[in-house]
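I'd like to ask you about the structure that follows.
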Amino acid sequence: MARDKTNLDIFWLKDKSLADLDNLPDPDILANEIIENIEAGLASFCEIMDTINAITLDAA
């Protein structure tokens, strides 16, 4: 904190696409998009685990 120009202001991280809050999709649409993204991420992790398990079994 004693350093010069120490600033914890993160105003520059704002998502400019959310500036127009009146035109956001309905909450159920947003929730469904979040669920789809989480499910896609989980599917990707499952594929990675399948690959790791296959490599492990081949090495044994």
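Output ³J(HN,Hα) for segment 21-29: one whole-Hz value per residue in order, computed from phi by the Karplus curve 6.51 cos²θ - 1.76 cosθ + 1.60 with θ = phi - 60°, and x for Gly and Pro.
5, 6, 10, 6, x, 4, x, 5, 5
Summing Lys, Arg as +1 and Asp, Glu as -1, what charge do residues with Cβ under 13 Å from the Cβ of GLU33 carry, GLU33 excluded?
-4
A short reminder: the numbers here are calculations on the coordinates, not readings from a lab. Just so you know, these numbers come straight off a predicted model, no measurement behind them. As a convention, Cβ positions derive from the backbone with ideal geometry for all residues, glycine included, and neighbour counts pool all protein chains shown.
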